[in-house]
1. Taking the Cβ of Met71 as the centre, find all other residues whose Cβ is under 11 Å away and add up their charges (Lys, Arg: +1; Asp, Glu: -1).
2. Would you please state the base-10 log of I(q)/I(0) at q = 0.14 1/Å for segment 12-76, with intensities from the Debye formula using one equal scatterer on every alpha carbon?
3. Which residues among segment 9-26 fall inside the zone where the amide N is under 16 Å from a point 7 Å beyond the Cα of Met71, along Cα→Cβ?
4. Only Cα pairs under 8 Å and at least 6 apart count here; give the relative contact order of the chain as a rounded whole percent.
5. First select every other residue whose beta carbon is under 13 angstrom from the beta carbon of Val41; then total the charges, Lys and Arg +1, Asp and Glu -1.
6. Under unit Cβ charges (Lys, Arg +1; Asp, Glu -1), what dipole magnitude, rounded to 20 debye, does the chain have relative to its Cα centre?
7. Compute the label zone of Ile6 within segment 34-66: residues whose backbone N is under 13 Å from the point 7 Å along Cα-to-Cβ.
8. Output the 0 to 90 degree angle, nearest 10, between the alpha-carbon long axis of helix 19-34 and the longest principal axis computed from the alpha carbons of the chain.
Amino acid sequence: MEYKVIPFVASIDANKGNSNHVAEQLESLIKHYTSQGWKYVRLESVSTFVQPESGCFGLGGKPGYTTNRQMVVFEK
């Protein structure tokens, strides 16, 4: 079995966008890959730790943090 994992980041206008716009973007992505023979499996959330930056001579350093990324999983 073969798998393909695609990052999914929805983009909406803060004043006009809503969850329907996000759903439409995800649906479009799924349709694109299913038309190429891939089968949609699921949407996964992947937690990632971003390493801290020490800055130059300790100035301008940034602490590390955890972020979540959405990944769409397909199989063939």
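Each reported figure results from applying straightforward, stated rules to the coordinates on display, with no laboratory input. Everything numeric in this text was worked out from a predicted model, so none of it was measured. So basically every Cβ, Gly included, is an ideal-geometry build from the backbone, and we count neighbours across all protein chains shown.
1. +2
2. Listed by q, the Debye log ratios stand at -0.66.
3. Zone members listed by number: 9.
4. With pairs under 8 Å counted, the relative contact order is 43 percent.
5. Summing Lys and Arg as +1 and Asp and Glu as -1 gives +1.
6. In total the dipole reaches around 80 debye.
7. Correct set: 34-43.
8. Orientation of helix 19-34: about 60 degrees from the principal axis.
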